[in-house]
Amino acid sequence: MSAPNKNRGAEEDPIRHHTYDGIQEYDKRLPNWWLFTLYGAIVFSIVYWMYYHLSGVGTSGHELLARDMAAVQEARLANSMGTLGDAELWAMSKDEKFVAAGRESYSVNCVACHLASLRGKEESPTAIGPSLLDGEWIHGGTPSEIRAVIANGVLAKGMPAWGPVLGDRKVIELVAFVMSHHEGPAGGN
Ligand code: HEC
């Protein structure tokens, strides 16, 4: 082994046994601050991973974003409730969030007359309401027309007006639920 440069730290740090292009290395211990940063980062990453991903306790950025987007959608919906057109209502009928909410209020308010199957009279002669599954609509089959029937009812025929009882929001969810059983607007979607 050729004589190393003895000037720098050679007393405490041994020389490594290899030589690359005539260059030798001290076998220097990594400084504590460096090791502390490394081990700290490893511990942090494990804790982070367990907190946000493994346990589901922490709210990840992804979930925060989803929550904020839902709030934005909610606010938009509240603003546009009066002006929702057929296209928006069809879109909602393909959004499980609205459909699920509609399914729930349907099971509370509508099954008595339209039955859980939505087939009403078609399934059982003792049911009062007509089928909401067949493509035949007494009062028109666009989502806006369905919405109007649900909201205003057909009192003379025994269909209650649900607008005043449930409010706009729930009526729209019910439209989404009913229309989720039907094909989108004519001409595809
Ligand atoms: C008390 C019985 C009753 C209840 C409860 C009831 N409906 Fe009806 N519904 C009827 C009847 C009867 C008709 C038919 C009206 C007519 O002949 O014009 C009808 C018609 C409808 C129509 C129009 C069907 C068409 O062919 O145009 C829709 C949509 C509808 N109901 C949805 C609902 C929803 C949603 C609920 C729950 C929030 C509900 N109904 C609760 C009795 C009921």
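The values are calculated or read from the model by the stated rules, or taken from the named source; none is laboratory data. Note that the coordinates shown come from a computational prediction; the quantities given were computed from them, not determined experimentally. Note: ideal-geometry Cβ built from the backbone for every residue, glycine included; neighbour counts use all protein chains shown. These area figures cover heavy atoms from the full protein model, side chains too; ligands, DNA and RNA do not enter into them. Shrake-Rupley method; radii C 1.70, N 1.55, O 1.52, S 1.80 Å.
Structural remarks
- Working note: Debye formula, equal point scatterers on the alpha-carbon atoms of segment 39-147, no solvent; log10 I(q)/I(0) at q = 0.24 Å⁻¹ is -1.32.
- Across the chain, the longest piece that holds none of the GluC sites (Glu not before Pro) lying in DSSP loops with up to 16 other C-beta atoms within 10 Å covers 26-135.
- A probe of 1.4 angstrom, applied to the heavy atoms of all protein chains, finds Ile150 with accessible area near 20 square angstrom.
- Crossing angle, helix 168-179 versus the chain [Cα axis fit, 0-90 degrees, rounded to tens]: 90 degrees
- Largest-first ellipsoid semi-axes for segment 39-101, taking √(5λ) over the Cα gyration tensor eigenvalues, angstrom: 39, 12, 8
- With every protein chain in place, the chain: carbon and sulfur % of accessible area (1.4 Å): 60 percent
- In this structure Lys170 has an accessible area near 90 Å², from a 1.4 Å probe over the protein heavy atoms.
- Heavy atoms of Arg103 accessible to a 1.4 Å probe, total area in Å² rounded to 10: 110 Å²
- Amide H contacts under 5 Å for Met159, placed H, 5+ residues apart: Val154
- The stretch between Leu155 and Tyr52, if pulled fully straight at 0.36 nm per residue, gains 31.8 nm over its current Cα-Cα span.
- Gain upon complete extension [Asp95, Glu74; 0.36 nm per residue less C-alpha separation]: 6.2 nm
- Förster-model FRET efficiency, 41 Å R0, Val43 and Ala66, C-beta, rounded to 0.05: 0.90
- Crossing angle, helix 61-80 versus the chain [Cα axis fit, 0-90 degrees, rounded to tens]: 30 degrees
- Cα-Cα separations in the chain greater than 24 Å, expressed as whole percent: 60 percent
- Accessible area, probe 1.4 Å, largest first, for residues Ser117, Ser55: Ser55, Ser117
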